[in-house]
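Here the structure comes first, spelled out in structure tokens, and everything after it is commentary.
The values are calculated or read from the model by the stated rules, or taken from the named source; none is laboratory data. From a predicted model like this one, the values you see are computed outputs, not experimental measurements. Positions of Cβ are backbone-derived with ideal geometry, glycine not excepted, and every protein chain shown enters the neighbour counts. Accessible surface is based on the protein model in full, side chains and every heavy atom, while ligands, DNA and RNA are left aside. Shrake-Rupley method; radii C 1.70, N 1.55, O 1.52, S 1.80 Å.
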Amino acid sequence: MNELDQLYQQVILDHSKRRIGSPLVEPEGGHRHGESHQHNPICGDQIRVRVELEGEKFTAMSWEGDGCSISMASASVLSEMLPELTREEFLDKLDLFREMMRSKGTMTPDEEVLEDAVAFAGVSKFPARVKCAMLAWVAAEVAMLEAA
Amino acid sequence: MTGQTGTAEALTANEVARIKADFEILEHQVNGADIVYLDSGATSQKPRCVYEAEQHYYENANAAVHRGAHTLAVEATDLFEQGRETVAKFIGAKTNELVWTSNATEALNLISYSMSNASLGRGGEAAARFRLGPGDEILTTELEHHANLIPWQELAFRTGATLRYVPIAEDGSLRYDLIVSLVTERTKLVAFTHVSNVLGTITDTRRFVDAARKVGALTVLDGCQSVPHLPVDVKSLDVDFMAFSGHKMLGPTGIGGLYGREELLNAMPPFLTGGSMITVVDMEHAEYLPAPQRFEAGTQRISQVHGLATAASYLDEIGMDRIADWEEHLGELLYQGLSALEGVRVFGPADAKRIGTVPFEVIGVHPHDVGQFLDSRGIAVRVGHHCAQPLHRALGVTATTRASTYLYNTEEDIKALIEAVASVREYFGV
Ligand SMILES: Cc1ncc(COP(=O)(O)O)c(C=O)c1O
């Protein structure tokens, strides 16, 4: 696979179109929820992420955004993964995802932990695109803290 | 302007190939493909003679200018002032009407801060026409690069003046018809771009200048995208000020210029102050040199000036009218070629005079993904809002992909871009 195809894996292209978890939905009554709007001033990509928690557990993530296929696919993949995770499990995955993004293509990610998000491994070879992949994750983290 | 000279022979493909060979970087490959550089709107590549001139300066004449009597200082000062003469002539200005700045952004801020200093009373009565206050208006346009917008927003905040703008129509053309009603006795300054850095369209400067003259308002032209690509003569444009950047016209980074009418520059209070811009200093005050030194505080950018002057001579030798014609041709190929592609939307009025700058959208594919795809084929374009968010908002998009040419671009470069853009949608499955 050439570098471009590694960047734009089929999983990413599919998710960028399906946009699972978008648009935003109103939080269910009784659940704690938080919201975060993140913006990449360099390219104008932006995303609004809303998460819901019951106790320690995420119950839902929904989002709305405007951006490149990498940032939109990343939000889609994350909103598929997030429900049922505990806060701690999410933070572990976030750490690993961030580590992968900073690896400049040297890390073989653990598919057990990162699930579909391993498809973003190729992004780490393109430093200018790392922010795109991180945007939804950062928004989800801030939204989670908001909900606390 | 372009295409109107009639006398000049058009550049031939052979000549362009020879010109291209002066640019070492264009012989390189990126991602296994020959580089196709279509991002000159952001910054131009440099011919060997420009950085060799800088090297020559460091090897033979390096010293601080306008200070000290030793031989090197004299040689450095000569090169610095000769550079001013060359570049001033290149834009049709008198030598002492060209102030060196870091870039166009600093040149525009220089006017903005000098005017707020005048508004605080600095410069006395001589500077009265640069004063602004509540009730006064600054007029700009919706087309502007942020560098020709934010300094005026800030000036308005600092002085209490009001900022107004000439809007654009749906196709991105300026609403010239509104200028007469927007320029009133309250208007003190009219700032507008000569060429849009996004749309590549050439402004009908007369419309602004005539309206401003009628009410005695100052005119500021953003020449960033015109000085590199068109023959520019500040006297026939009849503007009061013009800002431009060296790095977009084959020169080094870190050097730009502000043209100002002699009598205006000499009446303006300084912006940056310190060494090299004074006559007599005591512990309470200082007297200032006339322009241009008044605005050149501190140790100057000497190698950059020499590099930029070398770039201007290089352009002059080829002929700005011939360069403008060639780029008009490339711009036409770009506009027509991209417009003909299915699923591609080109921005900007179809019938406008433009340089070789064309922004577009591949429907269903984000500009960043378009740019990444093109990069994998060695093609460099700019994606994003190109420092013109209000313009993009008016066009109803957050970002575009922009191809922009220069004298070293060939018809093959345009063909390579159009072929690559034609396969973007298939790659992304839309
Ligand atoms: C029209 C226009 N104005 C101003 C600028 C600012 O130039 P610089 O960043 O060199 O100061 C640019 C360059 O990006 C431009 O294209």
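Share of Cα-Cα pairs in chain B beyond 30 Å, in percent?
45 percent
How far is helix B:104-119 tilted, in degrees, relative to the longest principal axis of the Cα atoms in chain B, given as a value from 0 to 90 rounded to the nearest 10?
Around 40 degrees separate the two axes.
Report the residue, chosen from B:SER404, B:SER173, B:SER236, that carries the largest GNM mean-square fluctuation when chain B is represented by alpha-carbon nodes joined by springs under 10 Å.
B:SER236
Considering protein heavy atoms only and a 1.4 Å probe radius, which residues within the stretch B:416-430 exhibit an accessible-area decrease of no less than 40 Å² in the full assembly relative to the chain by itself?
B:TYR427, B:PHE428
Using only protein heavy atoms and a 1.4 angstrom probe, determine the accessible area buried between B and A, summed over both sides, in Å² to the nearest 100.
1300 Å²
To the nearest whole number, what is the average tally of beta carbon atoms from other chains within 10 Å of the beta carbons of peptide A:62-69?
3
How long are the semi-axes of the ellipsoid equivalent to the protein assembly as shown, from square roots of 5 times the Cα gyration tensor eigenvalues, in whole Å, largest first?
46, 29, 25
Using Cα-Cα distances under 8 Å and only pairs 6 or more residues apart, what relative contact order does the stretch B:301-425 have, in percent?
So the answer I get is 27 percent.
Report ³J(HN,Hα) in whole Hz for each residue of the stretch B:192-206, in order, from the Karplus equation J = 6.51 cos²θ - 1.76 cosθ + 1.60 where θ = phi - 60°; Gly and Pro get x.
Going residue by residue, I get 8, 8, 7, 9, 5, 6, 9, 8, x, 6, 9, 6, 7, 5, 3 Hz, with x marking Gly and Pro.
Go through the stretch B:39-51 residue by residue and turn each phi into a ³J(HN,Hα) via Karplus (6.51, -1.76, 1.60, θ = phi - 60°); whole Hz please, and just put x for glycine and proline.
10, 6, x, 7, 7, 8, 7, 10, x, 3, 4, 6, 7
Using only Cα atoms, locate the centre of the stretch B:118-168 and the centre of the stretch A:62-113, then give the distance between them in Å, rounded to an integer.
Using only Cα atoms to place each centre, the spacing works out to 47 Å.
I need to check one value: relative contact order of chain B, counting alpha carbon pairs closer than 8 Å and at least 6 residues apart, in percent.
The value is 24 percent.
To make sure I understand the rule: partners must be lysines, Cα under 16 Å from the Cα of B:LYS188, and not fewer than 8 residues away in the same chain. Which ones qualify?
The reachable lysines, counting only those whose Cα sits under 16 Å from B:LYS188, are B:LYS214.
Ignoring ligands, DNA and RNA, please state the percent of accessible area on chain A from carbon and sulfur, probe 1.4 Å.
Carbon-and-sulfur percentage of accessible area, whole number: 47.
In deg cm²/dmol and to the nearest 500, what is the mean residue ellipticity at 222 nm of chain A if only DSSP H runs of at least 4 residues count, each as -39500 (n - 2.57), divided by the residue total?
So the calculated ellipticity at 222 nm is -14000 deg cm²/dmol.
With springs connecting C-alpha atoms under 10 Å apart, model chain B as a Gaussian network and identify which of B:PRO290, B:PRO228, B:PRO270 has the largest mean-square fluctuation.
Residue with maximal mean-square fluctuation among B:PRO290, B:PRO228, B:PRO270: B:PRO290.
³J(HN,Hα) across the stretch B:401-411 via Karplus (A = 6.51, B = -1.76, C = 1.60, θ = phi - 60°), whole Hz, x for Gly/Pro?
These are the phi-based 3J(HN,Hα) values: 9, 10, 9, 9, 9, 8, 5, 8, 7, 9, 4 Hz.
Using the heavy atoms of the protein chains and a 1.4 angstrom probe, tell me the accessible area per residue for the stretch B:155-297 in square angstrom.
37 Å²
Under 25 °C and 0.890 mPa s, how fast does the stretch B:1-139 diffuse according to Stokes-Einstein, given a Kirkwood radius computed over C-alpha pairs? Answer in µm²/s, whole number.
Reported coefficient: 123 µm²/s.
Counting pairs of alpha carbon atoms under 8 Å apart in space and at least six apart in sequence, what relative contact order in percent does the stretch A:2-110 give?
That works out to 26 percent.
So how far, in whole Å, is the C-alpha centre of the stretch B:281-350 from the one of the stretch B:411-425?
27 Å
Between B:ALA243, B:ALA53, B:ALA13, which gets the highest mean-square fluctuation from a Gaussian network model of chain B, Cα cutoff 10 Å?
Residue with maximal mean-square fluctuation among B:ALA243, B:ALA53, B:ALA13: B:ALA13.
For the stretch A:17-128, report the accessible area per residue in Å² (1.4 Å probe, heavy atoms, rounded to an integer).
Averaged over the residues of the stretch A:17-128, the accessible area is 48 Å².
Could you state the per residue volume, in Å³, of the convex hull enclosing the Cα atoms of the stretch A:3-147?
Once divided by residue count, the hull of the stretch A:3-147 is 91 Å³.
For a quick check: with amide H placed at 1.01 Å from N, whose amide H comes under 5 Å from B:SER44's, ignoring anything fewer than 5 positions away on the same chain?
Amide H neighbours of B:SER44, under 5 Å, 5+ apart: B:LYS248, B:MET249, B:LEU250.
Once you list every other residue whose beta carbon is under 15 Å from the beta carbon of B:LYS248, what net charge do they have if Lys and Arg are +1 and Asp and Glu are -1?
-1
Cross-link partners among aspartates and glutamates for B:LYS235, C-alpha distance below 16 Å, same-chain residues fewer than 8 apart left out?
B:GLU85, B:GLU97, B:ASP204, B:ASP210, B:ASP222, B:GLU262, B:GLU263
For a bin width of 5 Å, list the pair-distance distribution of the stretch B:206-361 built from all Cα-Cα distances, rounded to whole %.
2, 8, 12, 14, 16, 15, 12, 9, 5, 3, 2, 1, 1, 0, 0
With a 1.4 Å probe and all protein chains left in place, how much of the accessible area of the stretch B:52-316 comes from carbon and sulfur atoms, in whole percent?
Carbon with sulfur: 51 percent of the solvent-accessible area.
Amide H of B:ASP39: which non-local residues (sequence gap of 5 or more, or other chain) have their own amide H closer than 5 Å, using H built in the peptide plane?
It is B:SER404, by chain and number.
Between B:HIS366 and residues 5 or more places away or on another chain, which pairs have amide H atoms under 5 Å apart, with H built 1.01 Å from N, and which residues are they?
So B:HIS366 has HN proximity to A:SER69.
What lysines sit close enough to B:LYS46 to cross-link, taking a C-alpha to C-alpha distance under 17 Å and skipping anything fewer than 8 places away on the same chain?
Here the lysines satisfying the reach criterion relative to B:LYS46 are B:LYS20, B:LYS248.
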